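Below: the structure, in structure tokens.
The values are calculated or read from the model by the stated rules, or taken from the named source; none is laboratory data. Model, not experiment: these values are computed from the prediction. Positions of Cβ are backbone-derived with ideal geometry, glycine not excepted, and every protein chain shown enters the neighbour counts. Heavy atoms of the whole protein, side chains included, go into the accessibility calculation; ligands, DNA and RNA do not. Shrake-Rupley method; radii C 1.70, N 1.55, O 1.52, S 1.80 Å.
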Amino acid sequence: MFRRMTSGRAICLSDQFPLIKVAEVMSGRVTFVGLPPVELGSDVDWTANPHGNRSWALNLHALRWMGRLVAEYERSGERAYLDRAGALAEHWIRENPRGGRGVSPWAWAEHAVALRAPALVCLSQHVRSRTLWDSLAEHGQILADSSLYRAGHNHGLDQDIGLLVVGCRLGRTRWRDLAIRRMTASAELAIDAQGVLQEQAPRYGLYVHRRLGTALRAIGESGAEPPQRLIARRAALEAYVAHATQPDGRLAPIGDSPADTLAGGFPHEGPVVRVFDGGYVFGRTAWDDPRSAFYSIRFGPGRRLHGHEDHLGVTYSAQGRRVLVEAGFHSYERTGYVEWTRSPEAHNVPVVAGAFRPGTATRLAGSSVTPSRQSFELADDAYGVTRTRRVLVNHGPDLMAVHDSVEGGTLRSLWHFDPSLRVVSRGDGRVVLGDGDWRVTLLQLPGAGLGVRPGLVSTGYLRTAEVATVVSPAAAAVLTLIVPGAADPRVEVSGDALTVHTPDGPVTLHPPYSQSSCAPGSGPRWRPCARGPRRP
């Protein structure tokens, strides 16, 4: 065990610790991840997990709530806060020997170690004890162990922050330098030059951006020079998070991103439509306008880390309303529902008859971007055959057209509507949904056999809401039109063009977005489907 009490600088960035109800913690009660309070008492049972929740157990052993008590002592000078923090730390160390019988598996989980280390460093600025000093050394040895390191992952970043502050506190410069080297290399692995995070969830882009801010401050306080490469990767993240932020200020619920995550304050100069090579298209009509249209499209590398099987998936908002949503993130619990939220069926995708091949990459085959209209073509072989999706988004009037096709098979397109929208009417390849007086219409061809079924999406951590899910009939090709603000849009065909008459004006589409629509002998027809004069 480390016995030398050499004292280096205590880097304590106390604003990294979550806010707590101080009086509650002082009385022996804790509240984590929005779950009901739990009475811990003074003699804490560190094996407890009364809610059976993985995140609750991690928070208990991370001791960041103890670190907040130290911060409150520094702010107020109230000695009782420091005494309580010291007693909690001493009790945790005594009751949780590494490898000890009956110790919770969360006690020495790599992320718990990483998050706990900075809290112990903050405490060590005011409490000098051999027990605490030895524990800091043990944390440092674990954090420096390359076999336990999570390169290219948010856990790895937290491990580096922990190692840096422990190394500085114990006067071990080589630990500090190792942390900075690893942090820089890991950031370049995790974040590409455009700012896309390989963890495949915008919410983790927000988390890593914040933690990199903490890391850069810690590097500066350690006396080292913050690497420019690290600064550059953090800056690149800002574009990714900004473009993934919907007009209502919340992140698009892509991958493990809760639907209620706010992400304001990121610089967003430049184009309103951005294609990220890492697998995202984000588009809108304007920045800083809550009524702006917004959409996302997924492609790129196969699923990994916090990603979902959402390739070819789209989300869509228009006229200040969220229209198409996805199942989003519910929790880290190991339940059937959580597993389903990661599946293709939880997203707005074409599902092909046959066996799905997880982790398949999707390519962006083409795109066209103008201020009023954007179109994209994507393809993959996630079901062993080529499925292709073509997406067209029109602005002013608002409309989304999606043409799905598959070679040598059949598919069904799935559409999950926002929880605020309820089915008003349906029939003839048409479903009308509404909220109050506002309406949105889904038109589909072929339309015979179009189904509507109840669905369930996540509206936040451990929260769900029922939604209407529209399922297309099985076909080799399906054309879907989403028309916001319209309860009964008239559709007209002239030659190979299809015109949708919306309340804000007509939108004319050409093949493949007008393919077979309303043509004689093409099968089920939209009603009304007037055939107008051929236009030049």
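Inside region 227-255, can you point out the residues that are open to solvent by 10 Å² or more (accessible area, probe 1.4 Å), assigned to a loop (DSSP other than H, G, I, E, B) and touching a helix residue (DSSP H, G or I) at 6+ places or on another chain (Cβ under 7 Å)?
Once the filter is applied, which keeps residues that are open to solvent by 10 Å² or more (accessible area, probe 1.4 Å), assigned to a loop (DSSP other than H, G, I, E, B) and touching a helix residue (DSSP H, G or I) at 6+ places or on another chain (Cβ under 7 Å), region 227-255 yields only P227.
What residue, among those in region 195-219 that are touching a residue at least 60 places away in the same chain (Cβ under 8 Å) and open to solvent by 50 Å² or more (accessible area, probe 1.4 Å), is farthest from F282 (Cα to Cα)?
Going through the qualifying residues, I end up with R217.
Where in region 3-79 are there helices (runs of 4 or more DSSP H), lying wholly inside it, with at least 3 residues that are open to solvent by less than 20 Å² (accessible area, probe 1.4 Å) and small (G, A, S)? Working first, answer last.
Values: elements: 22-26, 54-62, 64-76.
Here the list reads 54-62.
Does E326 meet the test of being charged (D, E, K, R), in contact (Cβ under 8 Å) with a residue 24 or more places away in the chain, under 25 Å from V483 (Cβ atoms) and part of a loop (DSSP other than H, G, I, E, B)? Break it down stepwise before answering.
Numbers: charged (D, E, K, R): yes; in contact (Cβ under 8 Å) with a residue 24 or more places away in the chain: yes; under 25 Å from V483 (Cβ atoms): yes; part of a loop (DSSP other than H, G, I, E, B): yes.
For E326, the condition - charged (D, E, K, R), in contact (Cβ under 8 Å) with a residue 24 or more places away in the chain, under 25 Å from V483 (Cβ atoms) and part of a loop (DSSP other than H, G, I, E, B) - is met.
Quick one: which strands (runs of 3 or more DSSP E) sit completely within region 438-477 and have at least 1 residues that are in contact with a helix residue (DSSP H, G or I) (Cβ under 9 Å, 6 or more places away or on another chain) and surrounded by 16 or more Cβ atoms within 10 Å (Cβ to Cβ)?
Hits in region 438-477: 451-460, 463-471.
Regarding region 285-306, can at least one residue be identified that is within 24 Å of G52 (Cα to Cα), surrounded by 21 or more Cβ atoms within 10 Å (Cβ to Cβ) and of a type outside the set (V, I, T)? If you could, list the steps in order and put the result at the bottom.
If we filter region 285-306 for residues that are within 24 Å of G52 (Cα to Cα), which is where we start, we get 305-306.
Narrowing further to those that are surrounded by 21 or more Cβ atoms within 10 Å (Cβ to Cβ): 306.
Of the ones still in play, those that are also of a type outside the set (V, I, T) are 306.
So far as region 285-306 goes, yes, one or more of its residues are within 24 Å of G52 (Cα to Cα), surrounded by 21 or more Cβ atoms within 10 Å (Cβ to Cβ) and of a type outside the set (V, I, T).
Looking for whichever is in contact with a Leu (Cβ under 9 Å, 6 or more places away or on another chain), touching a residue at least 60 places away in the same chain (Cβ under 8 Å), open to solvent by less than 30 Å² (accessible area, probe 1.4 Å) and in a strand (DSSP E or B) here; the options are L498, L481. Which one fits?
From the options L498, L481, the qualifying one is L481.
When only residues in region 258-284 that are of a type in the set (V, I, T) and assigned to a loop (DSSP other than H, G, I, E, B) count, which is most open to solvent (accessible area, probe 1.4 Å)? Don't jump to the end; show me each part of the working.
To start, the set of residues in region 258-284 that are of a type in the set (V, I, T) comprises 261, 272-273, 275, 281.
With assigned to a loop (DSSP other than H, G, I, E, B) added as a condition, the list becomes 261, 272.
Details: T261: 21, V272: 47 Å².
Taking the candidates together, the pick is V272.
Suppose we filter M5, M1, M26 for residues that are aliphatic (A, V, I, L, M), farther than 30 Å from L216 by Cβ and at pLDDT below 95; which single one remains? Reasoning before the result, please.
Values: M5 fails: farther than 30 Å from L216 by Cβ; M26 fails: at pLDDT below 95.
That would be M1, the only listed residue that is aliphatic (A, V, I, L, M), farther than 30 Å from L216 by Cβ and at pLDDT below 95.
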